[in-house]
Amino acid sequence: MTDSATSTGVQNRSENELREQIRGIVVSMAPESDQSCEPETVLIEGLGYHSLALLELAFTLEDEFDLQPIDEQTARGITTVKDVEDIVVRMLSENPQG
């Protein structure tokens with residue numbers, strides 16, 4: 001596991017804790033971060049994400065959790081905060097580090 005992923009304590013976190021951390025990253029990077037953020041919040045309409053901001057979010061999540069890049073087909077299906085949480089949690093469970 002990389003230093004970044006190790007520092008997040010991914011191995012020792014529950015799924016709920018991971019989802020909270022992911023949601024925090026999504027909100028902190030959102031162009032309209034003063035908005036409330038629930039799992040159902042839509043990234044574009046609810047948080048003001050645009051294509052460049054979405055790419056920056058993807059890169060940040062890949063670095064933070066030591067993930068492989070998300071393929072384009074999967075990325076096109078990500079529209080809500082819950083979708084982001086689900087894909088990161090799924091990728092972590094499919095490729096446990098350590």
Heavy-atom accessible area order for 18, 55, largest first, 1.4 Å probe: 55, 18
Coordinate range along principal axes, alpha carbons of region 17-98, Å, largest first: 36, 27, 19
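The values are calculated or read from the model by the stated rules, or taken from the named source; none is laboratory data. Keep in mind it's a predicted model, so treat the numbers as computed, not measured. For accessibility, only protein heavy atoms count, side chains too; no ligands or nucleic acids. Shrake-Rupley method; radii C 1.70, N 1.55, O 1.52, S 1.80 Å.
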